[in-house]
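In what follows, a structure is listed as structure tokens, so that the remarks can point back to it.
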């Protein structure tokens, strides 16, 4: 058919791939992003396939928010207001098994506490430098609290927001920054 007509399967899949994420077994699902204004800057949280998959600073709202994304926004607002210490959201960390294990260890660090890269490395049986790289690759900071991970001698960098200043602000917000005065 020339001119108008039905879009063929290959171009249609290309369009869908641009609008959706590919999940397990090749299924597609819609991605959506909400932006939550916080004292730490605007946090763009993305959910797809019924789980939070990404959090970044800045960004724009996109797509239609589902219940998971609306709950994530509500919990981020509550955290910002000092009313929430533990996030309870379905998360999906896309990455290697090691990246997922480091993220799981970071999730175990309680509000207001810190651990060192070395402590996490010992728990996982990997070098501290590898743990540091995995922390820097955390796709869901704040919710997975990589800001609570320190170097052996104290404060280290942070890949979110305005870098180490944002890390300090998050730690102070949690009451873990007393040593930072």
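Quick one: in the range 23-47, which of the residues that are within 16 Å of residue 94 (Cβ to Cβ) and at pLDDT below 95 is nearest to the chain's Cα centre (by Cα)? Can you show your working first?
Restricting attention to the range 23-47, the residues satisfying the condition of being within 16 Å of residue 94 (Cβ to Cβ) are 23-29, 31, 33, 45-47.
Checking which are at pLDDT below 95 leaves us with 23-29, 31.
Values: 23: 18, 24: 20, 25: 24, 26: 23, 27: 23, 28: 21, 29: 19, 31: 15 Å.
In this case the residue turns out to be 31.
Answer with yes or no whether residue 175 is more than 17 Å from residue 54 (Cα to Cα), at pLDDT below 95 and either assigned to a loop (DSSP other than H, G, I, E, B) or assigned by TED's automatic domain parsing to the domain that holds residue 36 (or both).
yes
Which one of these does residue 175 not meet: (1) crowded, with 19+ Cβ neighbours inside 10 Å; (2) on the phi > 0 side of the Ramachandran plot?
It fails just one condition, (1).
The values are calculated or read from the model by the stated rules, or taken from the named source; none is laboratory data. As the structure is a prediction and not an experimental result, all values here were calculated from the model. Cβ coordinates were reconstructed from backbone atoms using ideal geometry, including for glycine residues, and neighbour counts include every protein chain displayed.
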